[in-house]
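A.B. asks: Take a look at this one; I'll ask things after.
Here, each number is a calculation from the coordinates, and none is a lab measurement. For clarity, every value in this text was computed on a predicted model and none was experimentally measured. Heads up, the Cβs are rebuilt from the backbone with ideal geometry, glycines too, and the neighbour counts pull from every protein chain shown.
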Amino acid sequence: MIDNLTVINLKAQSKVRPSNGEVFVLKTCQRTLILGFGKLPFYHLEDQNDIRDMYNGQQAYIFLLETICGLKSEVLAEYEVVGQFKEAYQQYTLLPFRKNHIMTLMEKLFQDSKKIRTDYLTEIGQLTYAGIARKLIHSRFSDGDVLIVGSGSLAEDLVKLLKKKHRVFITARNSEKVATLAMEHGLEIIAWRDYAIYKKFNSIVNTIGTEEILFDEDFFHSWKQSLPTNDRDSKLFIDLGSPSVINTHLSEADGVLRLEDIFRQSAQMNIEKMEKIARAKVAIVKLCENRRHAFSLSHPFVWEELQLA
């Protein structure tokens, strides 16, 4: 099965033709992936110029395993990508023409990634987007209130990291998900787009990525003005969304950090990770070869049979 695997790695925000299950598609802030067998992934491309890389067979499986382990991310060994894969996989299982071979492959990837993380990547994955955001907040505030904007998996990761030392508030468009998170984690809810309340928080972390501007120059001006002059530098706004939802001239020096600032923070912390990551990559290659051999024994199909599956 692995020998016929094809993975196309596209630029972030690339458009792909809809899949009814013929291929598996993952879209995140860093990449778009199309996974399938043989030439099927190429039929779902909108623009050939969006292709970053293409992988086949064993190299495709290695690339997927390195990606799901966070080794292809800007923040090395980050955990968010696992949730992104799992969420995309849950959506895939609902498609009308989902392929058993793709589902089997994805389930094995999840198993293998868990083994790699457990054996080689423990502790170094703490500096994820959420982890770095927590570190930045703690560097300015040992306690206090934090407003999280959004209700997805990244928002929940932040809640789990911050609620031990901070009183966490949440706001998002999806009121049902907000209510669920609030009940599960003991959060206080702020009405969506209640900017008058937003401005009262010294720490705000946005997790929403959209083309719409949610926080403009006027918001940041009044947000900064809401504190006495001597205290304005203590304000912190971290935007983890892609595309960014903020529009302001303020920068990291002013307490406004964007995703690229988080990437830079991560890069400074990556040196100590590299030895463990090198060992993980060696283990991934060995594990892939074992998985390829196991698939050839349990799924002795040629490509024509896979195509009809």
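A.B. asks: Viscosity 0.890 mPa s, temperature 25 °C: what is the translational diffusion coefficient of the stretch 129-268 from Stokes-Einstein with a Kirkwood Rh over Cα pairs, rounded to a whole number of µm²/s?
C.D. replies: 164
A.B. asks: Specify whether the C-alpha gyration tensor of the stretch 1-117 places it in the rounded, prolate or oblate class, a ≥ b ≥ c being the square roots of the eigenvalues: rounded for a/c under 1.5, otherwise prolate if a/b is larger than b/c and oblate if not.
C.D. replies: Judged from the Cα gyration tensor, the stretch 1-117 comes out rounded (a/c under 1.5).
A.B. asks: While we're here: Scale the Cα Rg of the stretch 10-73 by the rule-of-thumb value 2.2 N^0.38 Å and send over the ratio, two decimals.
C.D. replies: This ratio for the stretch 10-73 stands at 1.05.
A.B. asks: Given charges of +1 on the Cβ of Lys and Arg and -1 on the Cβ of Asp and Glu, with all other atoms neutral, how large is the dipole of the chain about its Cα centre, in debye to the nearest 20?
C.D. replies: 660
A.B. asks: Right, next: Given the options Ile246, Ile51, Ile132, which has the most mean-square fluctuation in a GNM of the chain, springs set between C-alpha atoms less than 10 angstrom apart?
C.D. replies: Highest fluctuation of the listed residues: Ile51.
A.B. asks: Something else about it: Which one, Glu156, Glu66, Glu46, has the greatest fluctuation when you compute a Gaussian network model over the chain with C-alpha springs under 10 angstrom?
C.D. replies: Glu46
A.B. asks: Ratio of the stretch 166-206's C-alpha Rg to 2.2 N^0.38 Å, to two decimals? Please list the in-between numbers first.
C.D. replies: Numbers: Rg = 10.0 Å, N = 41, 2.2 N^0.38 = 9.0 Å.
Working it through for the stretch 166-206, the quotient is 1.11.
A.B. asks: Separate question: Lys276: which lysines have alpha carbons under 27 Å from its alpha carbon, excluding same-chain residues fewer than 8 sequence positions away?
C.D. replies: Lys72, Lys86, Lys108, Lys114, Lys115, Lys135, Lys160, Lys286
A.B. asks: If neighbour count is taken as other Cβ atoms inside 10 Å, put Met103, Met1 in order from fewest to most.
C.D. replies: Lowest to highest Cβ neighbour count: Met103, Met1.
A.B. asks: At 222 nm, what helix-only mean residue ellipticity would the chain give, in deg cm²/dmol to the nearest 500, using -39500 (n - 2.57) for each DSSP H run of four or more?
C.D. replies: Mean residue ellipticity at 222 nm (helix-derived): -13500 deg cm²/dmol.
A.B. asks: Modelling each spin label as a point 7 Å along the Cα-to-Cβ direction, I'd like the Tyr195/Ala278 distance in nm, to one decimal.
C.D. replies: It is 5.1 nm.
A.B. asks: In percent, how large is the relative contact order of the chain, given Cα pairs closer than 8 Å and 6 or more residues apart?
C.D. replies: Relative contact order, the chain: 18 percent.
A.B. asks: Any idea which of Leu240, Ser251, Phe169 is furthest toward the positive side of the dipole for the stretch 129-268, if Lys and Arg beta-carbons carry +1 and Asp and Glu beta-carbons -1?
C.D. replies: Phe169
A.B. asks: May I pose another question? Which entry in [x] 21.3, 71; [y] 26.3, 88; [z] 18.8, 57 matches Rg and Dmax of the Cα atoms in Å derived from the coordinates of this structure?
C.D. replies: [x]
A.B. asks: Something else about it: From the backbone phi of the stretch 286-295, what are the Karplus-calculated ³J(HN,Hα) couplings (6.51 cos²θ - 1.76 cosθ + 1.60, θ = phi - 60°) in whole Hz, Gly and Pro given as x?
C.D. replies: 5, 5, 5, 5, 5, 5, 4, 5, 5, 5
A.B. asks: Okay, moving on. Among DSSP bridges having both ends in the chain, what percentage is antiparallel? Round to the nearest 5.
C.D. replies: On the way: 16 of 34 bridges.
Rounded to the nearest five, the antiparallel share is 45 percent.
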